[in-house]
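Since every read-out is calculated from the coordinates, none of them should be taken as a lab result. Only a predicted model underlies this, so the values are computations on that prediction, with no experimental measurement involved. Don't worry about glycine lacking a Cβ; one is built from the backbone with ideal geometry, like all the others, and counts go over all protein chains shown.
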């Protein structure tokens with residue numbers, strides 16, 4: 001076993017439009033990408049919501065919504081109660097809530 005946790009989302013459908021044709025988006029990229037993989041912070045998005053003109057890579061508002069939703073789900077799974085976000089911040093470098 002490689003220590004990976006299960007994804008926080010049903011990876012078979014886009015979380016925005018419910019399309020079954022998805023690409024995996026690493027919510028917390030760059031130097032945090034390996035942590036995103038290990039912690040299950042990967043979301044299914046259709047091509048339009050991933051790389052399209054109004055997708056997370058081009059639309060900051062949508063990108064922040066995905067980051068917030070993922071942080072909420074991660075903290076809930078880990079049993080972390082607000083306002084204690086220190087564990088999340090120590091892993092991902094930022095609090096999005």
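Here are a few things to note about the model shown:
- q = 0.11 Å⁻¹, the chain: log10 I(q)/I(0) [Debye, one scatterer per Cα]: -0.31
- The simple spin-label model puts a point 7 Å past each Cα toward its Cβ; for residue 84 and residue 31 those points are separated by 2.7 nm.
- Peptides 38-49, 64-75, 21-32 ranked from most to least packed by the mean count of surrounding Cβ atoms within 10 Å: 38-49, 64-75, 21-32.
- Across the chain, the mean sequence separation of Cα contacts (distance under 8 Å, 6 or more residues apart), normalised by length, yields a relative contact order of 24 percent.
- Annotation: for a label point projected 7 angstrom from Cα along Cα→Cβ of residue 61, residues of region 67-97 with backbone N closer than 17 Å are 67-69.
- Helical contribution to [θ] at 222 nm, DSSP H n ≥ 4, -39,500 (n - 2.57), averaged over the chain, rounded to 500: -11000 deg cm²/dmol
- Full-extension gain in nm, residue 18 to residue 2, via 0.36 nm per residue minus C-alpha separation: 2.8 nm
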